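Single-structure report; data block below.
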Amino acid sequence: MTDTTLSTPGFRSVLRRLWQDQRVWLASALILLALAVFDPAQSAQSARFAGGALLHTAPYLVLSIAIAAWAGATGADNLIAKAFTGAPLLMIALGALAGGISPFCSCGVIPLIAALLAMGVPLSAVMAFWLASPIMDPSMFVLTAGVLDLEFAIAKTLAAIGLGVFGGLVVHTLSRGGALAHPLREGIGDGGCGGATVRAPKPVAWRFWAEPERRAKFGKTALNTSLFLAKWLTLAFILESLMLAWIPTETVTASLGGEGLLPILTATLVGVPAYLNGYAALPLVGGLIEQGMAPGAGMAFLIAGGVTSIPAAMAVWALARPPVFALYIALSLSGAFSIGLLFQLWSM
(Lines give C-alpha, C1' and ligand atoms only; values in the text may rest on other atoms or scores of the structure.)
Protein backbone atom coordinates (compact mmCIF):
# COMPACT_ATOMS: atom_id res chain seq x y z
CA MET A 1 0.00 0.00 0.00
CA THR A 2 1.55 3.32 -1.07
CA ASP A 3 1.55 6.65 0.70
CA THR A 4 -0.65 7.97 -2.10
CA THR A 5 -3.26 5.33 -1.37
CA LEU A 6 -3.23 6.17 2.32
CA SER A 7 -3.79 9.85 1.55
CA THR A 8 -6.71 9.44 -0.84
CA PRO A 9 -10.04 10.88 0.39
CA GLY A 10 -11.80 7.56 -0.22
CA PHE A 11 -9.38 5.61 1.96
CA ARG A 12 -9.53 8.22 4.72
CA SER A 13 -13.33 8.05 4.56
CA VAL A 14 -13.21 4.27 5.02
CA LEU A 15 -10.86 4.60 7.99
CA ARG A 16 -13.06 7.26 9.54
CA ARG A 17 -16.13 5.05 9.14
CA LEU A 18 -14.33 2.06 10.65
CA TRP A 19 -13.21 4.17 13.60
CA GLN A 20 -16.74 5.44 14.19
CA ASP A 21 -18.13 1.90 14.03
CA GLN A 22 -15.53 0.27 16.28
CA ARG A 23 -14.57 2.99 18.77
CA VAL A 24 -17.24 1.93 21.28
CA TRP A 25 -16.07 -1.70 21.22
CA LEU A 26 -12.48 -0.44 21.51
CA ALA A 27 -13.38 1.67 24.55
CA SER A 28 -14.94 -1.35 26.29
CA ALA A 29 -11.91 -3.50 25.49
CA LEU A 30 -9.46 -0.87 26.74
CA ILE A 31 -11.36 -0.45 30.02
CA LEU A 32 -11.34 -4.20 30.66
CA LEU A 33 -7.67 -4.41 29.65
CA ALA A 34 -6.69 -1.60 32.01
CA LEU A 35 -8.64 -3.26 34.80
CA ALA A 36 -6.97 -6.58 34.03
CA VAL A 37 -3.58 -4.94 34.53
CA PHE A 38 -4.35 -2.87 37.64
CA ASP A 39 -7.30 -4.71 39.22
CA PRO A 40 -7.79 -8.21 37.77
CA ALA A 41 -10.60 -9.10 40.16
CA GLN A 42 -12.61 -6.03 39.13
CA SER A 43 -11.97 -6.77 35.46
CA ALA A 44 -13.53 -10.22 35.81
CA GLN A 45 -16.37 -8.83 37.91
CA SER A 46 -17.14 -6.09 35.37
CA ALA A 47 -17.11 -8.58 32.50
CA ARG A 48 -19.50 -10.88 34.38
CA PHE A 49 -21.74 -7.95 35.32
CA ALA A 50 -21.96 -6.72 31.72
CA GLY A 51 -22.66 -10.21 30.43
CA GLY A 52 -25.34 -10.83 33.03
CA ALA A 53 -26.99 -7.47 32.41
CA LEU A 54 -27.09 -8.11 28.67
CA LEU A 55 -28.67 -11.52 29.27
CA HIS A 56 -31.22 -9.96 31.65
CA THR A 57 -32.29 -7.35 29.09
CA ALA A 58 -32.04 -9.73 26.12
CA PRO A 59 -35.74 -10.72 26.04
CA TYR A 60 -36.83 -7.09 25.88
CA LEU A 61 -34.15 -6.25 23.34
CA VAL A 62 -34.97 -9.18 21.08
CA LEU A 63 -38.68 -8.36 21.18
CA SER A 64 -38.21 -4.65 20.46
CA ILE A 65 -35.65 -5.31 17.69
CA ALA A 66 -37.99 -7.85 16.10
CA ILE A 67 -40.92 -5.42 16.24
CA ALA A 68 -38.88 -2.62 14.66
CA ALA A 69 -37.53 -4.91 11.92
CA TRP A 70 -40.99 -6.40 11.30
CA ALA A 71 -42.58 -2.95 11.02
CA GLY A 72 -40.05 -1.88 8.41
CA ALA A 73 -40.13 -5.12 6.40
CA THR A 74 -43.92 -5.36 6.20
CA GLY A 75 -44.57 -1.67 5.74
CA ALA A 76 -46.61 -1.61 8.94
CA ASP A 77 -44.55 1.39 9.95
CA ASN A 78 -46.81 3.35 7.60
CA LEU A 79 -49.83 2.44 9.68
CA ILE A 80 -48.03 3.21 12.94
CA ALA A 81 -46.90 6.57 11.62
CA LYS A 82 -50.42 7.42 10.41
CA ALA A 83 -51.73 6.59 13.89
CA PHE A 84 -49.53 9.38 15.26
CA THR A 85 -50.88 11.99 12.88
CA GLY A 86 -53.67 14.26 13.96
CA ALA A 87 -54.09 16.01 17.29
CA PRO A 88 -50.57 16.48 18.75
CA LEU A 89 -51.77 16.82 22.33
CA LEU A 90 -53.66 13.54 22.14
CA MET A 91 -50.61 11.80 20.73
CA ILE A 92 -48.47 13.18 23.56
CA ALA A 93 -50.92 11.88 26.15
CA LEU A 94 -51.10 8.46 24.50
CA GLY A 95 -47.31 8.28 24.19
CA ALA A 96 -46.84 9.09 27.88
CA LEU A 97 -49.50 6.55 28.90
CA ALA A 98 -47.93 3.83 26.73
CA GLY A 99 -44.49 4.57 28.16
CA GLY A 100 -45.77 4.47 31.73
CA ILE A 101 -47.26 0.99 31.39
CA SER A 102 -44.99 -0.60 28.76
CA PRO A 103 -42.91 -3.65 29.77
CA PHE A 104 -39.82 -2.44 27.86
CA CYS A 105 -36.68 -1.44 29.72
CA SER A 106 -35.01 1.89 29.00
CA CYS A 107 -32.55 0.24 26.60
CA GLY A 108 -34.91 -2.23 24.97
CA VAL A 109 -37.19 0.57 23.86
CA ILE A 110 -34.43 2.28 21.85
CA PRO A 111 -35.08 0.36 18.59
CA LEU A 112 -38.74 1.34 18.76
CA ILE A 113 -37.80 4.98 19.38
CA ALA A 114 -35.50 4.99 16.35
CA ALA A 115 -38.14 3.33 14.20
CA LEU A 116 -40.87 5.76 15.25
CA LEU A 117 -38.70 8.80 14.55
CA ALA A 118 -37.59 7.39 11.20
CA MET A 119 -41.26 6.88 10.28
CA GLY A 120 -41.90 10.57 10.76
CA VAL A 121 -43.72 10.31 14.10
CA PRO A 122 -43.49 13.72 15.84
CA LEU A 123 -40.67 13.99 18.35
CA SER A 124 -43.12 15.38 20.93
CA ALA A 125 -45.10 12.13 21.09
CA VAL A 126 -41.94 10.01 20.97
CA MET A 127 -40.30 12.06 23.74
CA ALA A 128 -43.38 11.55 25.92
CA PHE A 129 -43.00 7.79 25.50
CA TRP A 130 -39.21 8.00 25.87
CA LEU A 131 -39.29 9.83 29.20
CA ALA A 132 -42.04 7.74 30.76
CA SER A 133 -40.74 4.32 29.74
CA PRO A 134 -37.62 3.99 31.99
CA ILE A 135 -39.49 4.94 35.16
CA MET A 136 -42.20 2.33 35.41
CA ASP A 137 -43.26 -1.03 34.01
CA PRO A 138 -45.55 -3.78 35.37
CA SER A 139 -42.83 -5.67 37.24
CA MET A 140 -41.40 -2.44 38.64
CA PHE A 141 -44.87 -1.46 39.89
CA VAL A 142 -45.23 -4.72 41.81
CA LEU A 143 -41.74 -4.48 43.28
CA THR A 144 -42.20 -0.82 44.26
CA ALA A 145 -45.45 -1.65 46.03
CA GLY A 146 -43.73 -4.47 47.90
CA VAL A 147 -40.52 -2.70 48.88
CA LEU A 148 -42.03 0.73 49.57
CA ASP A 149 -45.83 0.75 49.49
CA LEU A 150 -48.77 0.82 47.08
CA GLU A 151 -49.20 4.57 47.46
CA PHE A 152 -45.62 5.16 46.36
CA ALA A 153 -46.01 2.78 43.41
CA ILE A 154 -49.15 4.55 42.20
CA ALA A 155 -47.52 7.96 42.66
CA LYS A 156 -44.45 6.81 40.69
CA THR A 157 -46.66 5.56 37.86
CA LEU A 158 -48.51 8.87 37.72
CA ALA A 159 -45.14 10.64 37.87
CA ALA A 160 -43.91 8.66 34.85
CA ILE A 161 -46.97 9.63 32.82
CA GLY A 162 -46.80 13.21 34.04
CA LEU A 163 -43.13 13.55 33.12
CA GLY A 164 -43.90 12.16 29.68
CA VAL A 165 -46.70 14.66 29.12
CA PHE A 166 -44.53 17.51 30.41
CA GLY A 167 -41.64 16.59 28.14
CA GLY A 168 -43.92 16.08 25.16
CA LEU A 169 -45.51 19.50 25.61
CA VAL A 170 -42.11 21.21 25.88
CA VAL A 171 -40.88 19.50 22.72
CA HIS A 172 -44.13 20.32 20.93
CA THR A 173 -43.73 24.00 21.79
CA LEU A 174 -40.11 24.06 20.62
CA SER A 175 -40.92 22.13 17.45
CA ARG A 176 -43.56 24.65 16.41
CA GLY A 177 -40.77 27.18 16.09
CA GLY A 178 -38.78 24.92 13.77
CA ALA A 179 -36.37 23.52 16.35
CA LEU A 180 -35.46 19.84 16.66
CA ALA A 181 -36.40 19.08 13.06
CA HIS A 182 -33.83 16.27 12.69
CA PRO A 183 -33.56 14.43 16.04
CA LEU A 184 -31.63 11.30 14.99
CA ARG A 185 -27.90 11.12 14.38
CA GLU A 186 -26.71 10.67 10.83
CA GLY A 187 -26.89 7.06 9.69
CA ILE A 188 -29.58 6.05 12.20
CA GLY A 189 -32.95 5.70 10.52
CA ASP A 190 -33.14 8.60 8.15
CA GLY A 191 -32.58 11.43 10.59
CA GLY A 192 -36.25 11.73 11.37
CA CYS A 193 -37.20 12.72 7.84
CA GLY A 194 -39.43 9.74 7.26
CA GLY A 195 -42.56 11.81 6.98
CA ALA A 196 -42.94 10.59 3.41
CA THR A 197 -44.21 7.28 4.76
CA VAL A 198 -47.11 9.17 6.26
CA ARG A 199 -47.80 11.34 3.23
CA ALA A 200 -47.52 8.53 0.65
CA PRO A 201 -48.14 5.21 2.41
CA LYS A 202 -47.54 1.97 0.54
CA PRO A 203 -49.59 -1.23 0.92
CA VAL A 204 -48.67 -3.39 3.89
CA ALA A 205 -47.28 -6.84 3.07
CA TRP A 206 -48.01 -8.86 6.19
CA ARG A 207 -46.38 -11.98 4.71
CA PHE A 208 -43.09 -10.18 4.21
CA TRP A 209 -41.10 -13.44 4.16
CA ALA A 210 -42.59 -14.25 0.76
CA GLU A 211 -40.61 -11.41 -0.86
CA PRO A 212 -36.80 -11.63 -0.97
CA GLU A 213 -36.38 -7.87 -0.79
CA ARG A 214 -38.48 -7.58 2.35
CA ARG A 215 -36.76 -10.57 3.96
CA ALA A 216 -33.44 -8.89 3.31
CA LYS A 217 -34.69 -5.64 4.84
CA PHE A 218 -35.88 -7.46 7.95
CA GLY A 219 -32.51 -9.18 8.37
CA LYS A 220 -30.48 -6.03 7.73
CA THR A 221 -32.54 -3.93 10.13
CA ALA A 222 -32.40 -6.57 12.86
CA LEU A 223 -28.65 -7.09 12.47
CA ASN A 224 -27.73 -3.41 12.37
CA THR A 225 -29.92 -2.60 15.36
CA SER A 226 -28.56 -5.55 17.35
CA LEU A 227 -24.94 -4.57 16.73
CA PHE A 228 -25.69 -0.93 17.54
CA LEU A 229 -27.30 -1.81 20.86
CA ALA A 230 -24.76 -4.48 21.78
CA LYS A 231 -21.75 -2.17 21.54
CA TRP A 232 -23.33 0.72 23.44
CA LEU A 233 -24.95 -1.40 26.14
CA THR A 234 -21.75 -3.37 26.73
CA LEU A 235 -19.87 -0.14 27.42
CA ALA A 236 -22.74 1.21 29.53
CA PHE A 237 -22.94 -1.90 31.70
CA ILE A 238 -19.16 -1.97 32.20
CA LEU A 239 -19.30 1.63 33.42
CA GLU A 240 -22.27 0.80 35.64
CA SER A 241 -20.32 -2.06 37.22
CA LEU A 242 -17.50 0.34 38.08
CA MET A 243 -19.96 2.80 39.56
CA LEU A 244 -21.40 0.08 41.79
CA ALA A 245 -17.92 -1.00 42.85
CA TRP A 246 -16.38 2.40 43.44
CA ILE A 247 -19.26 4.51 44.78
CA PRO A 248 -20.07 3.20 48.28
CA THR A 249 -23.71 2.97 49.25
CA GLU A 250 -22.84 4.90 52.41
CA THR A 251 -21.82 7.87 50.25
CA VAL A 252 -25.17 7.88 48.51
CA THR A 253 -26.97 7.51 51.82
CA ALA A 254 -25.12 10.45 53.37
CA SER A 255 -25.89 12.64 50.35
CA LEU A 256 -29.62 11.96 50.36
CA GLY A 257 -30.41 12.38 54.05
CA GLY A 258 -32.24 15.28 55.62
CA GLU A 259 -35.51 17.12 55.13
CA GLY A 260 -36.70 20.23 53.34
CA LEU A 261 -36.20 21.53 49.81
CA LEU A 262 -32.43 20.98 49.61
CA PRO A 263 -32.59 17.16 49.92
CA ILE A 264 -35.01 17.03 46.98
CA LEU A 265 -32.63 19.07 44.85
CA THR A 266 -29.67 17.00 46.04
CA ALA A 267 -31.49 13.74 45.34
CA THR A 268 -32.30 14.94 41.83
CA LEU A 269 -28.66 15.72 41.07
CA VAL A 270 -27.17 12.76 42.93
CA GLY A 271 -29.56 10.45 41.11
CA VAL A 272 -27.69 11.03 37.84
CA PRO A 273 -24.27 9.57 38.76
CA ALA A 274 -25.23 7.47 41.79
CA TYR A 275 -28.30 5.64 40.53
CA LEU A 276 -27.79 1.87 40.64
CA ASN A 277 -30.67 0.41 38.67
CA GLY A 278 -34.43 0.39 39.00
CA TYR A 279 -34.53 -2.68 41.23
CA ALA A 280 -31.42 -2.07 43.33
CA ALA A 281 -32.42 1.54 44.03
CA LEU A 282 -35.71 0.62 45.69
CA PRO A 283 -34.25 -0.98 48.86
CA LEU A 284 -31.81 1.92 49.16
CA VAL A 285 -34.60 4.49 49.01
CA GLY A 286 -36.76 2.41 51.36
CA GLY A 287 -33.97 2.31 53.93
CA LEU A 288 -33.34 6.04 53.63
CA ILE A 289 -37.02 6.88 54.12
CA GLU A 290 -37.08 4.68 57.24
CA GLN A 291 -34.10 6.68 58.52
CA GLY A 292 -35.99 9.95 58.05
CA MET A 293 -35.36 10.99 54.46
CA ALA A 294 -38.18 13.02 52.94
CA PRO A 295 -40.40 10.93 50.62
CA GLY A 296 -40.14 13.67 48.00
CA ALA A 297 -36.36 13.27 47.90
CA GLY A 298 -36.77 9.53 47.43
CA MET A 299 -39.19 10.07 44.57
CA ALA A 300 -36.89 12.63 42.90
CA PHE A 301 -33.96 10.22 43.18
CA LEU A 302 -35.91 7.38 41.56
CA ILE A 303 -37.27 9.53 38.74
CA ALA A 304 -34.02 11.36 37.89
CA GLY A 305 -31.88 8.26 38.23
CA GLY A 306 -34.25 6.07 36.23
CA VAL A 307 -34.30 8.36 33.21
CA THR A 308 -30.63 9.36 33.32
CA SER A 309 -29.04 6.07 34.40
CA ILE A 310 -25.83 5.23 32.54
CA PRO A 311 -27.32 2.63 30.15
CA ALA A 312 -30.36 4.77 29.34
CA ALA A 313 -28.41 8.01 28.88
CA MET A 314 -25.72 6.37 26.73
CA ALA A 315 -28.38 4.79 24.53
CA VAL A 316 -29.99 8.20 24.04
CA TRP A 317 -26.60 9.80 23.32
CA ALA A 318 -25.81 7.17 20.70
CA LEU A 319 -29.19 7.60 19.02
CA ALA A 320 -30.06 11.29 19.18
CA ARG A 321 -28.31 14.47 18.13
CA PRO A 322 -26.69 16.50 20.96
CA PRO A 323 -29.49 19.11 21.22
CA VAL A 324 -32.08 16.35 21.67
CA PHE A 325 -29.87 14.59 24.23
CA ALA A 326 -29.38 17.84 26.17
CA LEU A 327 -33.12 18.47 26.14
CA TYR A 328 -33.75 14.90 27.33
CA ILE A 329 -31.45 15.43 30.34
CA ALA A 330 -32.88 18.87 31.10
CA LEU A 331 -36.44 17.59 31.01
CA SER A 332 -35.49 14.63 33.20
CA LEU A 333 -33.88 16.74 35.91
CA SER A 334 -36.42 19.56 35.98
CA GLY A 335 -39.29 17.09 35.88
CA ALA A 336 -37.81 14.91 38.63
CA PHE A 337 -37.32 17.91 40.93
CA SER A 338 -40.87 19.15 40.32
CA ILE A 339 -42.34 15.69 40.89
CA GLY A 340 -40.33 15.24 44.08
CA LEU A 341 -41.53 18.59 45.37
CA LEU A 342 -45.17 17.84 44.55
CA PHE A 343 -44.96 14.39 46.15
CA GLN A 344 -43.43 15.90 49.27
CA LEU A 345 -46.23 18.47 49.54
CA TRP A 346 -48.85 15.78 48.98
CA SER A 347 -47.27 13.52 51.63
CA MET A 348 -47.30 16.20 54.34
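Of everything in region 258-295 that is in contact with a helix residue (DSSP H, G or I) (Cβ under 7 Å, 6 or more places away or on another chain) and part of a loop (DSSP other than H, G, I, E, B), the residue that is modelled with the lowest pLDDT is Leu276.
Going by what's in this entry, would Met299 be described as under 16 Å from the mean Cα position of the chain (by Cα), in a helix (DSSP H, G or I) and of a type outside the set (D, E, K, R)? In short, no.
In region 1-110, counting only helices (runs of 4 or more DSSP H) that sit wholly within it, the ones holding 1 or more residues that are at pLDDT below 75, within 30 Å of Ser241 (Cβ to Cβ) and out of contact with any His (no Cβ under 9 Å at 6 or more places or on another chain) span 9-38, 40-74.
Restricting attention to region 121-138 and to residues that are out of contact with any Ser or Thr (no Cβ under 6 Å at 6 or more places or on another chain) and assigned to a loop (DSSP other than H, G, I, E, B), the residue that is farthest from Phe301 (Cα to Cα) turns out to be Val121.
Candidates are the residues of region 296-314 that are surrounded by fewer than 24 Cβ atoms within 10 Å (Cβ to Cβ) and touching a Leu at 6+ places or on another chain (Cβ under 9 Å); the one that is modelled with the highest pLDDT is Thr308. Annotation: of all residues in region 155-211 being modelled with pLDDT under 80 and part of a helix (DSSP H, G or I), the one that is farthest from the chain's Cα centre (by Cα) is Arg199.
Of the residues making up region 205-238, those that are surrounded by fewer than 17 Cβ atoms within 10 Å (Cβ to Cβ), touching a residue at least 24 places away in the same chain (Cβ under 8 Å) and closer than 30 Å to Gln45 by Cβ are Ser226, Ala230.
The values are calculated or read from the model by the stated rules, or taken from the named source; none is laboratory data. As the structure is a computational prediction, the values presented were derived from the model and not from experiment. Cβ atoms come from the backbone with ideal geometry, glycine included; neighbour counts cover every protein chain shown.
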